[in-house]
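Student: Once you've had a glance at the structure underneath, I'll fire off some questions.
The values are calculated or read from the model by the stated rules, or taken from the named source; none is laboratory data. Since this is a predicted model, take the numbers as computed values, not measurements. Please note: Cβ atoms are built from the backbone with ideal geometry, for glycine as well, and neighbour counts cover all protein chains shown.
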Amino acid sequence: MFFSSSLLHLGMCDSAASLDQLLPGLAQGDFLQDAKCMQRLLPCQEFLKSPNNPSPACCEPLKEMHENNTQCLCNFVNNTPLFQSLGASKDEILKLPQACGIDVELSKCNNTTAGGGSSQESSSSPASEGKASRWLLFLPGAITFGLGTWQIIRREEKIKMLEYRENRLQMEPLKFSSAYSSNEELDSLEFRKVVCKGYFDDKKSIYVGPRSRSISGITENGYYIITPLMPVPNCPDSVSFPILVNRGWVPRSWKDKFLEASEDEDLEDALPSPSHDDGTKSWWRFWSRKPVIEDQVASVTPIEVVGVVRESEKPSIFVPANDPKASQWFYVDVPGIARACGLPENTIYVEDINEDVNPSNPYPVPKDVNTLIRSSVMPRDHLNYTLTWCSLSAAVTFMAFKRLRQKNKWR
C-alpha cells in the first residue's frame with residue numbers, strides 16, 4: 001500500500017527533494033528523526049483500509065510514542081500534506097488513537113507545526129521576542145514615573161531640611177565669651193546663631209571667590225572675605241578662642257589692595273638694613289619706622305559679631321580645587337582655611353548676618369539670613385518636576401498601549 005511504501009521511504013530516502021515532498025517544511029535532520037519513529041506505525045495501515053479494532057502491533061508502538069515521544073506523535077497528527085498523500089483526513093487519523101484507548105491532548109499539539117521540532121522552536125522564538133519588545137514599549141513610562149516618584153521624596157526631604165534650619169535660627173543665640181566652654185560637636189552647632197566679640201586679624205584674611213552680587217540689575221564680581229576673630233586680653237566679653245568669620249561680600253578691588261599690601265610688607269621685611277663702612281647701622285631706618293605701641297591689642301575696642309555657625313561648602317564637579325600656596329580659594333574649606341591662618345582645623349566657622357551696616361562704610365556686605373532658609377531648588381520646584389515627569393509617563397504609556405492595539409488590529 002501507499003502508506004507502507006511512504007513510511008519506508010521516509011526512513012531510507014537520502015535526497016533533500018524527496019524529504020520536502022513527503023514532509024514539507026522539515027529540515028533533513030528533523031525529518032530523519034521523525035521518519036524513524038513513524039516507521040513503527042506501519043502495522044496501523046490495516047486500520048486505515050477498514051476501520052475496526054487495531055492490532056496490538058499497532059497500538060503498542062502508538063502508546064509508547066504517546067508516553068515517550070509526544071513530539072513525533074504531534075508531528076504525525078498535524079502533518080496535513082501526509083494525510084492528503086495517504087488519501088485520509090485528519091479526523092480518520094485521530095480515530096486511531098481512540099481505537100487504541102489513547103487520549104491524545106490536542107492542545108499540546110496546537111503550537112506544533114507539521115514541520116516538527118525545529119519549526120516549534122522557530123515559532124516560539126519570535127513569540128518570546130515579541131513579548132520582550134512589548135515590555136520595552138513600557139520602559140520609558142516606567143523610568144519617567146520613577147523620576148516623578150523620586151521628586152516627591154526629594155520634596156519631602158527639602159521641606160524637612162528647611163524647617164530644621166528655620167527652627168535652629170529661631171533659637172536663642174549662643175554667646176561665645178571667655179566663660180563659654182563648648183563641648184558640643186560642630187554638627188550640633190550648625191545653623192545656630194552666635195554672638196561673639198574680639199578683634200579681626202586683617203593680615204590673615206582669606207578671599208574666597210569670585211562670587212557675583214546683583215545690585216539694581218547690575219552684576220558685580222567680588223569675593224567673600226574670611227578673617228580670624230581673635231580674643232582680646234583682659235576682656236571678659238571677648239571670645240576665648242579664635243573663630244573664622246565670613247564677614248561678607250567685598251568688591252574685587254579689596255583683594256587687589258590686600259595682595260599689594262602683602263607684597264610690599266614682604267619686600268620691606270626682605271630688604272637689608274643700610275650700614276656704614278665701619279659696620280655701624282644707619283639711624284635713618286630706625287627713625288623711619290613707626291613706633292611700636294606696647295599693649296596695642298589690649299587697647300583695641302572689641303567688635304561684636306552676630307552670625308550663624310556653618311560648615312565647609314560642598315563644591316560641584318565644575319568648581320576648581322583650592323590652591324592655598326597661590327592664595328586661590330574657590331570654595332569655603334574650613335580646615336584648609338584654618339591651616340592657612342595658623343589655626344586648628346576644628347576652628348568654628350561663622351557667617352556674619354549682622355544687619356546693622358554703617359552707610360559710610362558699606363563693605364563688607366553681610367549675608368542675608370533669609371538665604372539660609374532658601375535653596376536653589378525649593379519644594380514647589382520639586383512639585384513642578386513631579387507633575388512634569390508624571391505627565392510624560394502617562395503620555396508615553398498611552399502611546400505604548402495605542403501601539404499595541406494597532407498591532408493587534410493588523411493581526
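Student: Just wondering, is there one or more residues in region 380-399 that are of a type in the set (S, T, Y), in a loop (DSSP other than H, G, I, E, B) and under 22 Å from the mean Cα position of the chain (by Cα)?
Tutor: no
One line per residue, one yes/no per condition, for (1) loosely packed, with under 12 Cβ neighbours inside 10 Å; (2) outside any helix (DSSP H, G or I); (3) among the aliphatic types (A, V, I, L, M):
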{"position": "I317", "(1), (2), (3)": "yes, yes, yes"}
{"position": "V332", "(1), (2), (3)": "no, yes, yes"}
{"position": "N354", "(1), (2), (3)": "no, yes, no"}
{"position": "L372", "(1), (2), (3)": "no, no, yes"}
{"position": "K402", "(1), (2), (3)": "yes, no, no"}
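Student: Would you please name the residue that is nearest to V332 (Cα to Cα), looking only at residues in region 200-232 that are β-branched (V, I, T) and assigned to a strand (DSSP E or B)?
Tutor: Selected residue: V208.
Student: Right, something else. Within region 317-344, which residues are free of Cβ contacts under 8 Å to residues at least 40 places away in the same chain and under 21 Å from E190 (Cα atoms)?
Tutor: Of everything in region 317-344, those that are free of Cβ contacts under 8 Å to residues at least 40 places away in the same chain and under 21 Å from E190 (Cα atoms) turn out to be D333, P335, G336, R339, P344.
Student: For region 86-96, state whether one or more residues are among the β-branched types (V, I, T), at pLDDT 70 or above and surrounded by 16 or more Cβ atoms within 10 Å (Cβ to Cβ).
Tutor: Yes, because at least one residue in region 86-96 is among the β-branched types (V, I, T), at pLDDT 70 or above and surrounded by 16 or more Cβ atoms within 10 Å (Cβ to Cβ).
Student: Just to check your reading of the model, which residue among T112, T144 is touching a helix residue (DSSP H, G or I) at 6+ places or on another chain (Cβ under 6 Å) and at pLDDT below 75?
Tutor: Every option except T112 fails the conditions.
Student: Quick check, is E172 outside any strand (DSSP E or B) and either within 30 Å of A340 (Cβ to Cβ) or modelled with pLDDT under 85 (or both)?
Tutor: no
Student: When residues of region 334-352 are filtered for being in a loop (DSSP other than H, G, I, E, B) and within 23 Å of L372 (Cα to Cα), how many remain?
Tutor: Qualifying residue count, region 334-352: 3.
Student: Just checking, which of R154, R165, R247, R252 is modelled with pLDDT of 90 or more and buried (at least 18 other Cβ atoms within 10 Å of the Cβ)?
Tutor: Step by step, each of R154, R165, R247, R252 is checked, and only R247 is modelled with pLDDT of 90 or more and buried (at least 18 other Cβ atoms within 10 Å of the Cβ).
Student: Shifting gears a bit: Go through region 243-257 and report how many residues are in a strand (DSSP E or B) and of a type in the set (S, T, N, Q).
Tutor: Adding up the residues that qualify gives 1.
Student: Shifting gears a bit: Would you tally the residues in region 366-403 being polar (S, T, N, Q) and under 13 Å from F138 (Cβ atoms)?
Tutor: Count: 2.
Student: Of the conditions (1) at pLDDT 90 or above; (2) in a helix (DSSP H, G or I), R285 satisfies every one except a single condition; which number is it?
Tutor: Of the numbered conditions (1) at pLDDT 90 or above; (2) in a helix (DSSP H, G or I), the odd one out for R285 is (1).
Student: Another question about this same structure. Of everything in region 221-244, what is modelled with pLDDT of 90 or more and surrounded by fewer than 17 Cβ atoms within 10 Å (Cβ to Cβ)? Give them in sequence order.
Tutor: Once the filter is applied, which keeps residues that are modelled with pLDDT of 90 or more and surrounded by fewer than 17 Cβ atoms within 10 Å (Cβ to Cβ), region 221-244 yields only N221.
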